[in-house]
Structure formats: C-alpha cells, structure tokens
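So the structure is just underneath, and the comments pick up after that.
The values are calculated or read from the model by the stated rules, or taken from the named source; none is laboratory data. The shown structure was predicted, so the numbers you read here are calculated from the model rather than taken from an experiment. Here the Cβ positions follow ideal geometry from the backbone for every residue, glycine too, while neighbour counts run over all protein chains shown. Heavy atoms of the whole protein, side chains included, go into the accessibility calculation; ligands, DNA and RNA do not. Shrake-Rupley method; radii C 1.70, N 1.55, O 1.52, S 1.80 Å.
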Amino acid sequence: MTDKLDKVPGPADTPPAGAVPPEAIRAIPVRHFGRWISAVVAIVLLVTLVYAFGQSDNVRWATVPEKLFDPTILRGVGNTIWISIASMALGLVLGVLFAVMRLSKNPVTSTIAWFYIWLFRGTPVYVQLLIWFNLALIFPVLNLGFYKDEMTQVMTPFLAALLGLGLNEGAYMAEIVRAGIQSVDEGQSEASHALGMTRMQTMRRVVLPQAMRVIVPPSGNEFINMLKTSSLVVAVQYFDLLRAAQDIASTSFAVMEMFFVASIWYLALTSVFSVGQYYLERRYARGSLRSLPPTPLQKIKAKLSSFSNRKAVA
C-alpha cells in the first residue's frame, strides 16, 4: 500500500522574474568516418570482383541457368543428399556408441573408443575414402564364412563413400555426444539409479534427452559440413553433384560454368538445411530459455510492423 503525496511547488522551484530559460540541448551524433571509409572500400572491392567475373570472355553465363536443372545435375543433387544423410546417420549411431564406450569405466572399451577417435580424427577423410575404395589390394576376397565374394564386387563406390564419410563422422560425433553427456549434472544419474533405473535406462530416458540441448547445435553444423565434404566422394567414383557437373563439363567444355552450377546447388542445400537446423535448435531450447528466439517469419513481421508504425508517426 502506498500513500499518494501532492507536491506543492516551493520558492526554490519558481524561477526568478526575468530569468532566461535554458536552451534545449542539441545532441549531435558522433560521426564514425572510419566505418564509412571501410564500407566504401569493401563495396568497391566487391563490385570490382563481380565486374571482373562478369566481363570475362571465357565464361558463358547463359550456360549456368541452362544447366542448373539438367537431369544429370538433379540426379547428382539427389545422390549428394542421400549419401550425406546416410553417412550422417551412420556417424550419429557410431558417435553415441563410442561416446558411451569412451565414458565407460571399463578400460578396454574406453581405450578402444579412444583409439577409434584418435585414428579417424587424425587422418584426412580423403585418404580414408581412398583406403576403403582400394581395400581389394589387401583383401582380394571377402570371406565371412556365410558370405564370400570378391572385394571389388563388394566395395562399390556407394559403400566406399558411406564407410569413408560415416566412420570419419562417427569420430567427431563421439566427441560431441561425450561433451553433451558430460554437461548433464551427475545428480540426475544418481537420482535415476536411486529410483531403480538401470544404467541403460538412465542413459536413454534421463541423460540423452537433456544432453540433446548441447548435442544438436554442433550436430547441425556437422551435417552442413557433411554436405560439402561429400564432394570428396568423387575420388571413389561415386556419382554425386560434383561428379555430375564434371561429366557435363567434359562434354560441353563449360568447366567454370558447371562449377558455378555446383556451387549454387551447394549453397541452396546448405541454406535449406541451415533453416531446419535453426528450428531444431529452437525446439530443444525450450525449457532452458525464458523466451525462445524469434523465427525468421516473426522477425520479418516485427520489422514490417516497426516500419509501418514509424511511417504513421511521420
């Protein structure tokens, strides 16, 4: 409860007769000349670069939109998406498995997980792809007892690409998942054990759902990176987007044009999946933030509303 007080102006508040009222303060914004100069320099360099590419006689720009939706290119786009998703799924499964093994108190499983992560993170994925593709040089015949065939027939370009990308991704995902699991307070596991849950139940029902908040953002970045890294599968003769562009370039002699086509498609794919990653992160941020970050559509609506209000006031 508050009391309402009426303030009565006293003699000190009354200006003396004949006094000149003070002038209103005129605020002058600080001018940042350095920002203007750097912006002009950046724009000039950008325009010069675009102009240099546009004036080149060796690039037939009309070929770019013409080949953008070529059936061969679209087939390569589909294969790129497929090998990226399959490799990421394999890497995610291996990542969870080896992260749990790495955190295990069993020294054997922990050491095996450490060796796997050390090996596949320490060697280039390009080299790993070539090793899988040329595995027939070491094992000419694959003999599993119940299945026997020549290795060249087993190790198809798709399988070599899947193993090369998936196993390499599994090493990185193992570290990401391990960091996510360790971010969950140990008291959560202790409380679950006190309730009678087994170690596996605790991991599946308590730890992993909370760890997803930490795991999802870097995992999204890994998938975006996987989309671009998948271009390396051209080394194992897998027909992806880059391979499709190279095939068309070899017959049409439009080499740079087809590289631009491939770049446009890679940019489009990464942009689309980046939007999906944003909404996925937003979903898993529920419960940890007081207010969720606005969606791109909400940002556009807020900008339009602010602009219309400013126009109405003017």
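Of all the criteria given as (1) within 19 Å of GLU222 (Cα to Cα); (2) loosely packed, with under 15 Cβ neighbours inside 10 Å, the one not satisfied by TYR284 is (2).
Filtering segment 105-118 to residues that are within 29 Å of the chain's Cα centre (by Cα) and of a type outside the set (A, V, I, L, M, F, W, C) leaves SER110, TYR116. Scanning segment 39-66 for residues that are part of a helix (DSSP H, G or I), open to solvent by less than 70 Å² (accessible area, probe 1.4 Å) and out of contact with any helix residue (DSSP H, G or I) (no Cβ under 8 Å at 6 or more places or on another chain) yields ALA39, ALA42, ALA52, GLY54. Scanning segment 232-284 for residues that are within 17 Å of VAL59 (Cβ to Cβ) and aliphatic (A, V, I, L, M) yields ALA245, ILE248, ALA249, ALA254, VAL255, MET256, MET258, VAL261, ALA262, ILE264.
Scanning segment 100-120 for residues that are surrounded by 14 or more Cβ atoms within 10 Å (Cβ to Cβ) and touching a residue at least 24 places away in the same chain (Cβ under 8 Å) yields VAL100, ARG102, LEU103, ALA113, TYR116, ILE117, PHE120. Go through ILE176, ILE181, ILE131 for me and flag whichever is open to solvent by 80 Å² or more (accessible area, probe 1.4 Å), at pLDDT 85 or above, part of a helix (DSSP H, G or I) and not acidic (Asp, Glu). Within the list ILE176, ILE181, ILE131, the selection yields ILE131. Taken together, the residues in segment 146-173 that are closer than 14 Å to ILE83 by Cβ, over 21 Å from the mean Cα position of the chain (by Cα) and open to solvent by less than 30 Å² (accessible area, probe 1.4 Å) amount to 1.
Entry remark, segment 67-99: residues being in a loop (DSSP other than H, G, I, E, B) and open to solvent by 50 Å² or more (accessible area, probe 1.4 Å) number 1 in total.
Could you tell me whether any residue of segment 244-257 is within 22 Å of the chain's Cα centre (by Cα) and either of a type outside the set (A, V, I, L, M) or exposed (fewer than 15 other Cβ atoms within 10 Å of the Cβ) (or both)? Looking through segment 244-257, none of the residues is within 22 Å of the chain's Cα centre (by Cα) and either of a type outside the set (A, V, I, L, M) or exposed (fewer than 15 other Cβ atoms within 10 Å of the Cβ) (or both).
Scanning segment 134-172 for residues that are at pLDDT below 90 and charged (D, E, K, R) yields LYS148, ASP149, GLU150. With the condition kept exactly as written, say whether any residue in segment 199-206 is part of a loop (DSSP other than H, G, I, E, B), loosely packed, with under 14 Cβ neighbours inside 10 Å, out of contact with any Lys or Arg (no Cβ under 8 Å at 6 or more places or on another chain) and aliphatic (A, V, I, L, M). Among the residues of segment 199-206, not one is part of a loop (DSSP other than H, G, I, E, B), loosely packed, with under 14 Cβ neighbours inside 10 Å, out of contact with any Lys or Arg (no Cβ under 8 Å at 6 or more places or on another chain) and aliphatic (A, V, I, L, M), which makes the answer no.
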